[in-house]
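Bear in mind that the values in this text are calculations on the coordinates, not laboratory data. The structure presented is a predicted model; accordingly, all values stated were derived computationally and were not measured. All Cβ positions, even for glycine, are placed from backbone atoms using ideal geometry, and neighbour counts span all protein chains on display.
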Amino acid sequence: MITTQQQIIEIVNRHAMKAQQSQYDRRVTISAVAAVRKVVMSISTDLPQADYTRETIDQLSELLSDYYDPDGEYTSGKGTVGDLVYEIKRHLEPKGS
């Protein structure tokens with residue numbers, strides 16, 4: 001059975017592929033996806049599902065609010081993090097809500 005973390009990593013991997021093909025600030029975009037991956041991988045999978053979901057959303061929301069990569073010419077990476085966090089949150093929300 002695929003775990004919630006594995007499902008989230010699949011989402012991150014899809015965004016990583018897009019980042020590899022970014023025409024603008026590729027390195028910044030790749031770093032933004034890597035920052036999300038790092039947060040997701042740091043969360044204990046031993047937590048009960050509800051706690052895992054809450055912890056994931058809390059930590060990703062904190063990352064999004066603080067994220068800024070000054071190396072970008074066209075982007076800070078915050079939009080990339082925001083898109084990814086939004087997709088993960090939608091995945092984690094109970095269906096039908």
Next item on the list: Could you grab me the full set of residues in the range 62-94 that are over 15 Å from V33 (Cα atoms) and among the hydrophobic types (A, V, I, L, M, F, W, C)?
Entry: L92
Check: In this structure, does V39 turn out to be within 12 Å of the chain's Cα centre (by Cα) and of a type in the set (A, V, I, L, M)?
Finding: yes
Next item on the list: Give the residues of the range 74-83 that are within 25 Å of T3 (Cβ to Cβ) and in contact with a Phe, Trp or Tyr (Cβ under 8 Å, 6 or more places away or on another chain), sorted by residue number.
Entry: V81
Checklist line | Selection within the range 41-52 - surrounded by fewer than 18 Cβ atoms within 10 Å (Cβ to Cβ) and either among the small types (G, A, S) or closer than 19 Å to E10 by Cβ (or both) | finding: M41, S42, S44, T45, Q49, A50
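For the range 55-77, name all the residues that are assigned to a loop (DSSP other than H, G, I, E, B), within 12 Å of the chain's Cα centre (by Cα) and free of Cβ contacts under 8 Å to residues at least 40 places away in the same chain. Explain how you work it out, then say what you get.
First, the residues of the range 55-77 that are assigned to a loop (DSSP other than H, G, I, E, B): 67-77.
Those still in the list that are within 12 Å of the chain's Cα centre (by Cα) too: 67, 77.
Answer for the range 55-77, where residues must be assigned to a loop (DSSP other than H, G, I, E, B), within 12 Å of the chain's Cα centre (by Cα) and free of Cβ contacts under 8 Å to residues at least 40 places away in the same chain: just Y67.
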Note to self: Among the residues of the range 1-32, what is the count of those that are among the β-branched types (V, I, T) and under 17 Å from E73 (Cα atoms)?
What the structure shows: 3
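Report, by residue number, each residue of the range 17-37 that is without any contact (Cβ under 8 Å) to a residue 40 or more places away in the chain, over 25 Å from P94 (Cα atoms) and in a helix (DSSP H, G or I). Explain how you work it out, then say what you get.
Taking the range 17-37 as the starting set, the residues that turn out to be without any contact (Cβ under 8 Å) to a residue 40 or more places away in the chain are 17-18, 20-23, 26, 30, 34, 37.
From what's left, over 25 Å from P94 (Cα atoms): 17-18, 20-23, 26, 30, 34.
Result: M17, K18, Q20, R26, I30, A34.
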Notebook entry, point to check: Only one residue in Y52, Y86 is closer than 16 Å to Q6 by Cβ, in a helix (DSSP H, G or I) and among the hydroxyl-bearing types (S, T, Y). Which one?
Noted result: Y52
